[in-house]
Each structure stands twice: as structure tokens, then as C-alpha cells.
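S.K.: Can you keep this structure in mind? I'll have questions shortly.
The values are calculated or read from the model by the stated rules, or taken from the named source; none is laboratory data. Just so we're clear, the structure is a prediction, and the values are computed from it rather than from any experiment. In this analysis, Cβ positions are derived from the backbone assuming ideal geometry, glycine residues included, and neighbour counts consider all displayed protein chains.
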Amino acid sequence: MKQQIENKITYLMQIPPPSHGAAVINKKIFDSTIINAGLQKSLIPINFVNDLKQIGKISPTKFTKLISLSIKLITTFIKFKPTYIYFTCNCTGVAFFRDWCLIFLIKIFKKKLILHFHGKGIAEKSKSIFYRVLYQLAFNNTSLIFISKQVMQNECDNLSLKNTNLYYVENGIDSINMLPTHKNNTVVNLLFLSTLMPSKGLYILIDSIAKIKTKTHFFHLNIVGGTMDNNEIKKICSRIDKLQLNQYITLRGAAYGEKKYPYFSEADIFIHPTLNDNFPLVLLEAMQFSLPIISTIEGGIPDIVVDNITGFLVAKNNVADLTEKLILLIENPALREKLGKAGQQRFQQKFKTEHFEKNLRQVLQTIIATNKGLETSTRNKENDQALPL
């Protein structure tokens with residue numbers, strides 16, 4: 001019975017809807033029998049928004065939901081009595097201040113806190129003394145899990161945390177059964193698949209296409225994705241019209257789940273020239289479809305794409321660099337096949353859901369074992385102090 005009580009865990013996390021990368025991963029974590037083997041679990045869902053357009057916006061409704069969420073937390077502490085709180089919190093923006101309040105509440109009740117970050121930005125914000133102090137108050141005496149080794153090292157270098165254990169677990173996605181496809185493309189199909197927003201580097205890609213068309217005409221770019229801003233589509237179309245690229249670029253609209261698969265299957269090259277990202281799952285999807293990838297040196301992407309092995313990593317905001325790599329792949333089908341096969345093998349070895357589940361399970365077990373060891377050590381010290389000399 002004592003073992004079961006010690007292994008009680010409450011998950012405090014965003015789950016769909018709305019559906020986005022972090023929420024989907026969170027749902028898999030809570031539902032996983034591998035991750036939760038031997039644990040008694042409960043769930044407190046965080047749902048401050050109903051669709052992606054509401055993210056980052058302040059409203060009275062969100063404040064009311066914060067109060068309601070705090071009450072649910074306290075009720076769970078009293079009734080379920082968890083030892084551990086697994087919290088997928090934000091580390092920047094308005095959402096960080098909201099989550100900081102929840103962290104403070106959890107610490108008041110002396111629960112062991114596991115913070116799992118799907119985003120990044122701590123390193124940049126901690127340059128401010130104000131943010132650094134807030135991070136130290138929030139992260140001291142906790143266990144922190146990051147999305148990749150690269151992100152973990154970048155984020156925590158200058159925080160000077162106390163009694164904090166750092167871990168990283170790379171995300172994974174479900175593998176799908178695919179029949180071999182024989183592409184009969186008359187031109188090289190390029191694919192961009194992401195949310196249509198400037199931070200994903202779409203305008204850099206469009207400018208690159210304008211340069212490529214002066215050197216070769218045997219390519220076509222499909223842009224697949226939805227947007228959080230209706231005006232963004234107009235801006236994208238305006239840029240395409242201005243550069244006279246309508247015959248080279250097609251906007252396909254949003255595609256989710258299995259509806260994305262035909263675009264991956266028909267593509268020859270996947271491009272993700274993002275300016276701000278963490279661990280984009282879309283790169284894992286592209287690797288699964290044996291696509292060579294061109295992406296940027298950003299966030300945890302260097303832990304996904306191996307430069308010159310599974311694709312190319314280019315500098316952010318660098319049209320010339322992106323153009324050079326695109327032309328190289330467009331003109332070299334053998335190189336495309338070589339990089340694509342290497343990427344597919346890397347996916348099979350590292351980035352399937354079962355790898356993610358086993359790795360997170362191991363981290364959670366390490367955290368539990370470490371905490372039990374500390375408690376035993378503390379009790380032994382107390383007993384030693386109580387013994388007569």
C-alpha cells in the first residue's frame with residue numbers, strides 16, 4: 001500500500017482540443033500503459049482556449065478558468081493525495097505567469113514537481129534579472145524534462161538552479177504502414193507543411209523559390225497548412241503574385257492526420273525553414289516518408305536532422321543558403337534518395353512512439369528512485385541525530 005501511495009501522480013497538462021503538437025503528445029503520455037505502469041494516475045486538463053486563434057490572448061474568461069483550475073488542484077491534493085505533479089508548463093509569455101502561480105500553489109502543498117517543457121525561451125528571458133529570479137523560484141527543487149539534449153543545454157546554462165535534476169526525452173510519433181510508392185513526378189515536388197505564419201520561415205522559402213526559378217523550372221512547391229490569422233493568406237498570395245510565382249507554388253489549405261499523407265507521399269523534398277521552433281514533429285513525419293529535409297539550426301532541430309546525412313541545416317533567415325541547398329537537391333535525385341533513406345532509418349531507430357514511451361518511463365522511474373533515495377537519506381540523518389553519542 002505504501003508503494004502505491006508513493007507512486008501516485010497527477011498529470012496537469014493541455015490535451016486536445018485544440019489539437020496541436022504538445023497537446024497530442026500529452027494525450028499519448030496520459031494514455032500510455034508503458035509510461036504509467038506501476039503508477040496510480042489522475043488527470044487535470046488545462047483548457048484555457050478552444051481554438052489556436054485564442055492562444056496568447058488575455059481575457060476575463062481565462063482568469064476565471066485559472067481560479068477553477070486552482071480549486072481542482074487543491075481538491076486533488078486533498079482527495080487523491082498525489083506524491084508527484086507532472087506539469088507541462090509554459091516558460092515564456094503571459095502563460096508563464098499563469099503557470100508560475102500554479103507552480104507556487106503546488107509547492108505550498110509540498111508536492112514533488114516534474115516540469116516538462118515542450119517549448120523554449122528560458123535562455124533568452126533569463127538574461128533579465130526579473131525573469132531569472134522567477135525561473136529560480138519556480139525551478140529550484142524540481143525535476144525538469146526538456147524536449148532534446150540541445151535544448152536542455154541551451155536553456156539551463158546560466159540559471160544556477162539548486163537541487164534541480166535535468167533530463168531530456170525526445171518526442172516520437174506513431175509509425176504508419178505504408179505501401180511502397182513509385183513517384184512518377186514530371187517535376188521535383190517540394191513540400192512545406194506547417195502553420196502558415198512568418199515565424200515558420202514561409203516568406204524566406206517564397207523568396208528562395210523566386211531565385212530558384214531563374215536557374216531551373218523543373219520543380220513545384222506545395223504549401224500545406226492552416227493559419228491563426230485570416231489576413232496571413234492574403235499576405236502570402238500577395239507575395240507570390242508580386243514575385244510572379246503562381247505557376248511554381250500552390251496553396252493547398254490545411255490538412256491534418258491521414259489527410260497529410262498524400263502530400264508526403266508525392267513529395268521529393270521537405271522544407272521547414274523555421275525561425276522559431278523547438279522539436280517540430282512534422283520533421284519526424286517527413287523522415288518516416290523517406291524525404292530529405294532542409295531545415296534550420298533552431299531549437300532541437302539539430303537533434304532531429306543530421307546535417308549532410310539525413311538532410312541539410314541552413315542558417316535562419318538566409319535565402320542564399322536555402323536556395324543553394326534546394327538547387328543541390330532538385331538537381332540530384334540520387335542524393336535525395338540517399339538522404340531520405342538515412343532519415344527513414346533514423347526515424348525507425350529513435351523517433352517512434354515506443355522509443356518516446358520507454359525513455360519517458362525511464363526518466364520518471366529515475367525521478368521516483370532519486371526522491372526515495374533522498375527521503376531515505378534524510379530519515380537516516382534524522383535518526384543519526386537522535387542517537388546518543
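S.K.: Any residue in region 61-83 that is over 22 Å from Ile9 (Cα atoms) sitting within a Cβ distance under 9 Å of a residue that is crowded, with 16+ Cβ neighbours inside 10 Å and of a type in the set (A, V, I, L, M, F, W, C)? List the pairs, counting only those 6 or more apart or interchain.
M.R.: Listed by first residue and then by second, the contacts come to Thr61/Phe48; Lys62/Phe48; Lys62/Val49; Lys65/Ile46; Lys65/Phe48.
S.K.: Moving on. Out of all the residues in region 324-344, is one or more under 17 Å from the mean Cα position of the chain (by Cα) and in a loop (DSSP other than H, G, I, E, B)?
M.R.: Looking only at region 324-344, we keep the residues that are under 17 Å from the mean Cα position of the chain (by Cα), and these are none.
No, region 324-344 has no match at all.
S.K.: Quick check on my filter: what residues within region 320-343 are free of Cβ contacts under 8 Å to residues at least 12 places away in the same chain and polar (S, T, N, Q)?
M.R.: Matches in region 320-343: Asn332 only.
Here is a yes/no grid of residues against (1) under 17 Å from the mean Cα position of the chain (by Cα); (2) surrounded by fewer than 21 Cβ atoms within 10 Å (Cβ to Cβ); (3) in a helix (DSSP H, G or I); (4) among the charged types (D, E, K, R):
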residue	(1), (2), (3), (4)
Glu124	no, yes, yes, yes
Lys127	no, yes, no, yes
Val133	no, yes, yes, no
Gln136	no, yes, yes, no
Asn154	yes, yes, yes, no
Ser160	no, yes, no, no
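S.K.: Let me ask something else. Which members of region 317-346 meet the condition of being in contact with a Gly (Cβ under 9 Å, 6 or more places away or on another chain) and crowded, with 16+ Cβ neighbours inside 10 Å? Working first, answer last.
M.R.: Going residue by residue through region 317-346, those that are in contact with a Gly (Cβ under 9 Å, 6 or more places away or on another chain) are 317, 322, 325, 329, 339-340, 342-343.
Result: Leu322, Lys325, Leu329, Leu339, Gly340, Ala342, Gly343.
S.K.: Of the residues that sit in region 226-239 and are touching a Leu at 6+ places or on another chain (Cβ under 8 Å) and assigned to a loop (DSSP other than H, G, I, E, B), which one is surrounded by the most Cβ atoms within 10 Å (Cβ to Cβ)?
M.R.: Thr227
S.K.: Would you confirm, using the coordinates I've provided, whether Ile367 is surrounded by 14 or more Cβ atoms within 10 Å (Cβ to Cβ), over 20 Å from Asn171 (Cβ atoms) and of a type in the set (Val, Ile, Thr)? Explain how you work it out, then say what you get.
M.R.: Working: surrounded by 14 or more Cβ atoms within 10 Å (Cβ to Cβ): yes; over 20 Å from Asn171 (Cβ atoms): no; of a type in the set (Val, Ile, Thr): yes.
Spelling it out, it is not the case that Ile367 is surrounded by 14 or more Cβ atoms within 10 Å (Cβ to Cβ), over 20 Å from Asn171 (Cβ atoms) and of a type in the set (Val, Ile, Thr).
S.K.: So, one more: Name the residue, out of Leu322, Leu360, that is assigned by TED's automatic domain parsing to the domain that holds Ser194, under 27 Å from Asn276 (Cα atoms), modelled with pLDDT of 95 or more and in contact with a strand residue (DSSP E or B) (Cβ under 9 Å, 6 or more places away or on another chain). Write out each step before concluding.
M.R.: On the way: Leu360 fails: assigned by TED's automatic domain parsing to the domain that holds Ser194.
Exactly one residue qualifies, and that residue is Leu322.
S.K.: Another question about this same structure. How many of the residues making up region 11-68 are surrounded by 14 or more Cβ atoms within 10 Å (Cβ to Cβ), at pLDDT below 75 and hydroxyl-bearing (Ser, Thr, Tyr)?
M.R.: Residues in region 11-68 being surrounded by 14 or more Cβ atoms within 10 Å (Cβ to Cβ), at pLDDT below 75 and hydroxyl-bearing (Ser, Thr, Tyr): 0 in total.
S.K.: May I pose another question? Name the single residue, out of those in region 138-152 being in contact with an Asp or Glu (Cβ under 7 Å, 6 or more places away or on another chain) and assigned to a helix (DSSP H, G or I), that is surrounded by the most Cβ atoms within 10 Å (Cβ to Cβ).
M.R.: Filtering region 138-152 for residues that are in contact with an Asp or Glu (Cβ under 7 Å, 6 or more places away or on another chain) and assigned to a helix (DSSP H, G or I), the one surrounded by the most Cβ atoms within 10 Å (Cβ to Cβ) comes out as Gln150.
S.K.: Which of the residues that make up region 240-267 are of a type in the set (Phe, Trp, Tyr) and in a helix (DSSP H, G or I)? Working first, answer last.
M.R.: Filtering region 240-267 down to residues of a type in the set (Phe, Trp, Tyr) leaves 248, 256, 261, 263-264.
Result: Tyr261, Tyr263, Phe264.
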